[in-house]
Amino acid sequence: MPAKLLAYPVFAALIGFTIGGCQEQTRETGAPEEEQNDSERNEEAVEWSYEGGTGPDHWGELDDAYAACANGKEQSPVNIDSAQVEEDEEKYDVEVNYQSSSFSLANNGHSIQANSAASENHLVINDEEYELAQFHFHQPSEHLVNEQRYEMELHLVHETENGDAAVLGVMIEEGEENNTLSDLWDQLPSEETEEDVNIEEPVDLQALLPEDQTTFQYEGSLTTPPCTEEVKWMLFEEPIEMSEDQIQDFKKIYHENHRPEQSLEDREIIKN
Ligand SMILES: [Zn+2]
């Protein structure tokens, strides 16, 4: 028998042993530390904000779990420079499967967030299913297009069973009243909520998206602590509209709840 064929199982066994050993070690040393931190924090994440000592410049120092906010190399949001965007390639093959469905509203101290009441909305990206967990708003927008900021930005946050995240971003400019959001806007919780507010009327998310399905796609991060990376970003090129009153209603509760622009480094943005 040739030596090569013999060597392979030995090599595979060695790799298996090494990986297995590594995981074991992480588990042993990781667990007690986690428990300790949990009891210290009373199971709540460390407080952060959009200004001062707990603002974006300090997120990375507030907690070890937020280290990526300071050290990450693929962070969001970024500026989308249309002259630098690649148009001939396809990064993510995206299928949006949204339908009219129920949500509950929370004011989480950082934004107004609509939580999915059922698993009825999902994306399929490169054959993998990402379920919509929640959507929320920033004012003004977090992403910039040619250094231009929009009035607001909507983030629809999706996750796979394994916890991989994908976010659909929609820019919002001032214009016509947005009827899809009017039921939600009637019940915006102005104070931080302990329990979600149930929204009676279903929200038709498909109607919320722009007509033109062209998106800017790149690999980034969550824009709030813990700033987790390997997030698939798809940002619609065409903005949607909300009335001046609707924007003002949101601004009375949250304004300037946006993270500053992060460096693109050597990442590519693809228009598809
Ligand atoms: Zn967001």
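The values are calculated or read from the model by the stated rules, or taken from the named source; none is laboratory data. The structure presented is a predicted model; accordingly, all values stated were derived computationally and were not measured. In this analysis, Cβ positions are derived from the backbone assuming ideal geometry, glycine residues included, and neighbour counts consider all displayed protein chains. In case anyone asks, the SASA skips ligands and DNA or RNA and just uses the protein heavy atoms, side chains included. Shrake-Rupley method; radii C 1.70, N 1.55, O 1.52, S 1.80 Å.
Numbers below:
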read-out: Options Ala65, Ala70; residue that is assigned by TED's automatic domain parsing to the domain that holds Glu219, touching a Gly at 6+ places or on another chain (Cβ under 6 Å) and open to solvent by 30 Å² or more (accessible area, probe 1.4 Å); value: Ala70
read-out: Restricting the stretch 140-156 to residues that are of a type in the set (Asp, Glu) and open to solvent by 10 Å² or more (accessible area, probe 1.4 Å), the residue that is farthest from Met171 (Cα to Cα); value: Glu147
read-out: Count of residues meeting criterion [open to solvent by 10 Å² or more (accessible area, probe 1.4 Å) and either basic (Lys, Arg) or within 16 Å of the ligand (Cβ to nearest atom) (or both)] in the stretch 107-128; value: 6
read-out: Residues satisfying the stated conditions in the stretch 49-59, i.e. in contact (Cβ under 8 Å) with a residue 60 or more places away in the chain and either on the phi > 0 side of the Ramachandran plot or buried (at least 17 other Cβ atoms within 10 Å of the Cβ) (or both); value: Tyr50, Pro56, Trp59
read-out: Complete set of residues in the stretch 73-98 that are surrounded by fewer than 16 Cβ atoms within 10 Å (Cβ to Cβ), at pLDDT 95 or above and in a loop (DSSP other than H, G, I, E, B); value: Lys73, Asp81
read-out: Any pair with Cβ under 6 angstrom, 6 or more apart, that starts in the stretch 159-173 at a residue that is within 18 Å of Gln217 (Cα to Cα) and ends at one that is open to solvent by less than 10 Å² (accessible area, probe 1.4 Å) and part of a loop (DSSP other than H, G, I, E, B); value: Met171/Ser141
read-out: Any hit, the stretch 198-215, residues being in contact with a Lys or Arg (Cβ under 6 Å, 6 or more places away or on another chain) and among the hydroxyl-bearing types (Ser, Thr, Tyr); value: no
